[in-house]
Structures are given as structure tokens and as C-alpha cells.
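A.B. asks: Pasting a structure here, questions to come.
Every number in this text was worked out from the coordinates using simple rules, so none of it is lab data. It should be emphasised that the depicted structure is a prediction, and the values quoted were computed from it without experimental measurement. Quick reminder, even Gly has a Cβ in these numbers, built from the backbone with ideal geometry, and neighbours come from all protein chains shown.
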Amino acid sequence: MNADTTYRHTQYAWLCWLIAAISIPAFVTAAMLWQKPGGAILIAVSGLMLLYLAGSFGQLSVADDDDALLIAFGPLPLFWRRISYAKMRAANVERTTFLEGWGIHWSLRGGWVWNLWGYDCVEIQLDQGKIFVGTDQPQILAEFLQARIAKTPAT
């Protein structure tokens, strides 16, 4: 892969469809309990929270964004991060551990984890800290980032 190539990949978490499907019985139950507003509202809000969760973490997109790497959960674009290539020092294929799990959180090894599904990731060393980006294409992403890091002057 040469440094002029762009990168864009989206990984999907099919488990989120199950989470979204669980919200349907919550809405049906809320409708049946409509005469008891407290219970109906609580169950309906629970269903909405499940839909929100499924919509926020149903996919993880990693893309070249001119002078930075864009990492975004979706399809609801609520959680995203943009990392300048000039702040990157290295990119290597790694694996997260079971304890590091999925989602967005601080790693036990230091640095942030942005992972949707599985244990394959790319560890990106930054000027200050590091980030683990989960992907089902770790080698391709690492090669792309290594080429961009080599091409981009440090700040």
C-alpha cells in the first residue's frame, strides 16, 4: 500500500440487532401498561435506551480524513475521534485482551480502547499516549497508518 492511498472500513456488530429487537417487547409491554403511566414510561424509556445503545454501537468506521484518522461508532454519529497523522509515531498490529473488552474505555495497558467486536486491533503510538483501534483488518490498517506516518512531518 503506498502513502497516497486512502483508507475507509466499517466493521459491523450484528449483536446490536439483537439488542434493538429486545426493545420491541419493551414497547409492547409499555403499550399494554398504558393505564399505569409510571410503569409504562419506565419500560418505554428502557426500550428507547436499548435502541440508542444499538444505534450508537452498531458499527465502527475507521477512515482517512485528509490529515487525520477518523474513528467513529455509529450509525448514530455520537462517539467519534479524529487523530492527526502528525501526532502519530507508530502503528502496530496488536490484540486486546478479554479484560479490555469492547466499547470506548481506558486500557489496563494504558491508552484508550475503541473496539467494536473481536480482539484484533492496531495500537497507535501518539506523541502523548496511545490508542487501540479495533478492526477486522488489522494488517491493512497498520500498513496504511505506517505509510501515512512516514509521509507526514511531525508537529
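A.B. asks: Which whole-number percentage describes the relative contact order of the chain, with Cα contacts under 8 Å and a sequence gap of 6 or more? Please report the intermediate quantities before stating the final value.
C.D. replies: On the way: 298 pairs, mean separation 32.9, N = 155.
Relative contact order of the chain: 21 percent.
A.B. asks: By a straight-distance test (C-alpha under 19 Å), which lysines pair with Lys151 as possible cross-link partners, with residues fewer than eight away in the same chain excluded?
C.D. replies: Lys151 reaches Lys87.
A.B. asks: Turning to a different aspect of this structure: First select every other residue whose beta carbon is under 13 angstrom from the beta carbon of Glu94; then total the charges, Lys and Arg +1, Asp and Glu -1. Let's see the in-between values first.
C.D. replies: On the way: positive: Arg95, Arg109, Lys130; negative: Glu100, Asp120, Glu123.
Combined, the nearby Lys, Arg, Asp and Glu give 0.
A.B. asks: Picking from Ala68, Ala44, Thr97, whose Cα lies most toward the positive end of the charge dipole for region 16-140 (charges on Cβ: Lys, Arg +1; Asp, Glu -1)?
C.D. replies: The Cα lying farthest towards the positive end belongs to Ala44.
A.B. asks: Let me spell out the model: positive unit charges on the Cβ of Lys and Arg, negative unit charges on the Cβ of Asp and Glu, origin at the Cα centre of the chain. What dipole size does that give, in debye rounded to 20?
C.D. replies: Details: 11 positive and 12 negative charges, 78 e Å.
Dipole of the chain, to the nearest 20 debye: 380 debye.
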